[in-house]
1. I want to confirm something. Restricting to region 18-28 and keeping residues that are part of a strand (DSSP E or B) and surrounded by 11 or more Cβ atoms within 10 Å (Cβ to Cβ), which single residue is modelled with the lowest pLDDT?
2. Here are Lys54, Lys74: which of them is assigned to a strand (DSSP E or B), among the charged types (D, E, K, R) and either in contact with a His (Cβ under 6 Å, 6 or more places away or on another chain) or at pLDDT 85 or above (or both)?
3. Conditions first: (1) in contact with a strand residue (DSSP E or B) (Cβ under 9 Å, 6 or more places away or on another chain); (2) at pLDDT below 85. Arg34 passes all but one, so which condition is the exception?
4. Would you confirm, using the coordinates I've provided, whether Lys47 is out of contact with any Phe, Trp or Tyr (no Cβ under 9 Å at 6 or more places or on another chain) and either surrounded by 13 or more Cβ atoms within 10 Å (Cβ to Cβ) or of a type in the set (Ser, Thr, Tyr) (or both)?
5. Report every pair of residues separated by at least 6 positions or lying on different chains whose Cβ atoms are under 7 Å apart, first residue within region 64-86 and surrounded by 16 or more Cβ atoms within 10 Å (Cβ to Cβ), second of a type in the set (Lys, Arg).
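The values are calculated or read from the model by the stated rules, or taken from the named source; none is laboratory data. Bear in mind the structure is a predicted one, so any value in this text is a computation, not a measurement. Positions of Cβ are backbone-derived with ideal geometry, glycine not excepted, and every protein chain shown enters the neighbour counts.
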Amino acid sequence: MAMRSARRALLLLPLLAGCGIGRIYTHTTLPLTRDFHRTPSGIAGGKEGLGNIKHVSYRVDVLWDSNAIGDAAKEGGLTTVHYADLEIFSILGIWNHRWLHVYGE
């Protein structure tokens, strides 16, 4: 009986290991640049623009909306963009949602 349980655990191990490395679910935020030499920190009274794109992929790729930096800046009323972050949410690689956070004045 214990041998059977051990075999089941070994069969489930690859699925459980996938949780830790983002195969089942991923939610991360990444900077779009690493050069912050002339970027003001802690922008007082700064604004944020947001662009997002949804992506469904199952035999056919379907994309809608925009995550272009210019579109997000315009939506947020920004005239100057200082930096941007990309937030990614994914389930099984089938449903993907990406938000572009643009910061500036």
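1. Ranking the qualifying residues of region 18-28, first place goes to Tyr25.
2. Exactly one of Lys54, Lys74 is assigned to a strand (DSSP E or B), among the charged types (D, E, K, R) and either in contact with a His (Cβ under 6 Å, 6 or more places away or on another chain) or at pLDDT 85 or above (or both), namely Lys54.
3. With (1) in contact with a strand residue (DSSP E or B) (Cβ under 9 Å, 6 or more places away or on another chain); (2) at pLDDT below 85 applied to Arg34, the lone miss is (1).
4. Numbers: out of contact with any Phe, Trp or Tyr (no Cβ under 9 Å at 6 or more places or on another chain): no; either surrounded by 13 or more Cβ atoms within 10 Å (Cβ to Cβ) or of a type in the set (Ser, Thr, Tyr) (or both): yes.
Taking the combined requirement at face value, the residue does not satisfy it.
5. Pairs that qualify, where the first residue is surrounded by 16 or more Cβ atoms within 10 Å (Cβ to Cβ) and the partner is of a type in the set (Lys, Arg), are Asn67/Arg98; Gly76/Lys47; Leu78/Lys47.
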